[in-house]
Structures are given as structure tokens and as C-alpha cells.
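One structure below.
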Amino acid sequence: MLFYFAPLEGITNYIYRNTYASYYKSVDKFFTPFLNTNVDGCLVSKSEKDIKKENNKDIKLVPQLLTNNPSTFNIVATKLKNEGYNEINLNLGCPSGTVTSKKRGSGQLKDIDALKAFLDEIFNKRIQEISIKTRIGFSDPKEMESLLPLFNNYPLKELIVHPRVRDDFYKGPIHIDVFRDIVKESKNEVCYNGNLCTASQIKNFVKDFPSINKIMIGRGLIANPGLIEEFKTGQASSLEIFKEFHDSIYNQYSNILYGEKSLLYKMKDHWKVWKINFPENTKEIKKIQKSQNIISYKKAVDLILK
């Protein structure tokens, strides 16, 4: 079984990925948060830094792109190829309104003719292998009945499926029967993504889908960094390792962010997800979120991690 780390904007940048790989040895492939480009199709400096090989030395990384412009896709793909990346991932899953209103991400699923024209152009040039991360439709799971035959026309590296529609965002039902049909009918290798947050959930999924050997996990793996190791070994990761992991991220950001407020904002963002793994520490989590300075932040964190 191969495990992929799904990206989360603002969290899983190169600092997070490298630190994670230093403390938890369970992820086979990482994906960047979607790269941002300017009007000329060139990467903005933040995205440029995130994909630099010197910032991603010891991990297998796939850059992710969110665009409906084939020229932009091919410009970035060429740059990434020159940087040594042999795979690029197309994001057709992002449900954010600011994204879908521009017909990007899962917004591209609404117009299958435009999506076909886009895919035709990027696959005609195919600068490197292309994988797709997609939802099963924009508003109706039945949309996958048209989308899957379209995807089957292209030689994908793999098809990563989050079996929700855009309108479900992240809290609607998982349409597992639709995913089951995709597994049967896809001409490309299929990877599953969605709502695997505990070792028992992973175990049940593997039992139900023995032919699937690739799983992508996002928030569940951020909340519990030792999740995959727990699935493999049956042993939960120690609090001590998580503390070292937290402290390493904190120290790296304290060296590059300007000012106490920036550091607090960044660490509080992490705790918005980490808190899921600490259901018995709601009071301490509130103290973290209400902290106004580093001293109060550290005191609140120590109540949980010491």
C-alpha cells in the first residue's frame, strides 16, 4: 500500500513536509498545495520557493497546478520538467468559491466540453506525466458518468478520486458506491482520497477495496501525523515525537517570520487541525487560540504536550 500526503494551503509547505519526513517515515509521496502563477503564467516567488529541489531533498514530491489555461499549464510544466519533476498533478477538486467562480478546480467539472478541450491540449504536448485529483462532479454524483469516460481517454499517471461533489465541500456524504463503480470502469490507476482519519477507517477501507493500493490522506494525517504508522503497526505514535515535531516547526518559523504576531498566526493555523487529535484538551486548545503573545502560547501548548 502506498500512502500520499494531500496538500493543505497554508500548512503543508516545504517546511512542514521536510519536518514531517524527519519524524514520521510513512509517506510515499507528497503533493504541493496548488502553485500560484502570475498573468504571464510564471510561478510567483512563494510557489517558486516551495518547489525548489534544495528545499525538497529527501522526499518524493509532486507539484500541483490549478488552472483552466492550457498555455499556463504547459509553461509551468516545462519549468517543472527543467527542475527535475517528472509528474505534475492537475487539481480538479478544490471546492472554494473563489476558485470555482473562475471555472478552476472543481469548477472545471461543470463544463465537460471546455474540460475536454483543456485536457486535449495539455496531453497533446504532455511535457511530463500528468495525474488528476478530482471530485465526482460539481453538484450531482451522476456527473461522473460523463466525466469518467472523458478521463479514460487520456493516459493518466493516476486518477485520484475524492468521492464527493463540489457542493458537498468537506462535510457532505462520501459516495462510496460511485467510487466502487470508478474502480471497476477506470482505465487508469485509481487512488482514493477522503475521510480516512483513523487507523480503523483505513483498515476497513483496505478490506472493502483490496484492489486499491494507493491512498491519499490530508486532514486526517495532519491531525494525527502518526496515523499511517498506527495503521501499519497497531501502535499509536508517542506524544514525545509529536512534541519534537511541533517544536521543530515552531523553531523554523520563528527564524523566518517577522514578528510575534506572524508566528502566532502561523502556529494557530496548525492547531486548527492538530486539535482534532486532542479531543480531551478543549480548554487548552482555547487557550492556544486566544493567546496574544509567545509566552502565553507556549504555556498553553505545554499544558497539552508535557
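Taken together, the values in this text are just the output of simple stated rules run on the coordinates, not laboratory data. What you see is a predicted model; the values in this text were computed from it and never measured. Here the Cβ is made from the backbone with ideal geometry for all residues, glycine too, and neighbour counts use every protein chain on show.
Estimated from helical segments only, the mean residue ellipticity of the chain at 222 nm is -13500 deg cm²/dmol, where each DSSP H run of four or more residues counts as -39500 (n - 2.57).
Phi angles of the stretch 80-86 translate, via the Karplus equation with coefficients 6.51, -1.76, 1.60 and θ = phi - 60°, into HN-Hα couplings of 5, 4, 5, 7, x, 8, 9 Hz per residue; Gly and Pro are given as x.
Loop-located trypsin sites (Lys or Arg not before Pro) in the stretch 141-189 (DSSP state other than H, G, I, E, B) with a sparse environment of at most 11 neighbouring Cβ atoms within 10 Å: LYS171.
Compute the helix-to-body angle for 112-125: its Cα long axis versus the longest principal axis of the chain, expressed 0 to 90° and rounded to tens. In the chain, helix 112-125 runs at an angle near 90 degrees to the longest axis. Taking LEU66, LEU150, LEU159 in turn, the Gaussian network model of the chain (Cα-Cα springs below 10 Å) assigns the largest fluctuation to LEU150.
For the stretch 248-262, 3J(HN,Hα) computed residue by residue from phi via the Karplus equation (6.51, -1.76, 1.60; θ = phi - 60°) reads 5, 4, 4, 5, 5, 5, 5, 8, 10, 8, 9, x, 5, 5, 5 Hz, glycine and proline entered as x. Amide H to amide H distances under 5 Å link VAL190 with LEU159, where only residues 5 or more positions off or on other chains count and H is placed in the peptide plane.
Under a Gaussian network description of the chain, with springs only between Cα atoms under 10 Å, the residue in GLY84, GLY259, GLY93 that fluctuates furthest is GLY259. Taking CYS197, CYS94, CYS42 as the candidate residues, the one with maximal mean-square fluctuation in a Gaussian network model of the chain, Cα springs under 10 Å, is CYS42. Distances between placed amide hydrogens fall under 5 Å for VAL62 paired with PHE30, PHE31, THR32, all partners being 5 or more residues away or on another chain. Computed extension gain for ASP247 through LYS46, at 0.36 nm per residue and net of the alpha carbon distance, reaches 70.0 nm. Relative to the longest principal axis of the Cα atoms of the chain, helix 199-208 runs at roughly 20 degrees.
A dipole drawn for the chain from +1 and -1 charges on Cβ atoms has a positive end, and of LEU2, LEU156, ASN293 the residue lying farthest that way is ASN293. Using θ = phi - 60° in the Karplus curve 6.51 cos²θ - 1.76 cosθ + 1.60, the 3J(HN,Hα) couplings for the stretch 144-151 round to 5, 5, 9, 6, 5, x, 5, 4 Hz; x is entered for Gly and Pro. With the convex hull of its Cα atoms as the shape, the stretch 239-305 has an orientation-averaged projected area of 4.0 nm².
Enter the angle in degrees (range 0 to 90, nearest 10) between the Cα long axis of helix 176-185 and the first principal axis of the Cα atoms of the chain, meaning the one along which they spread out most. Computed tilt is about 50 degrees.
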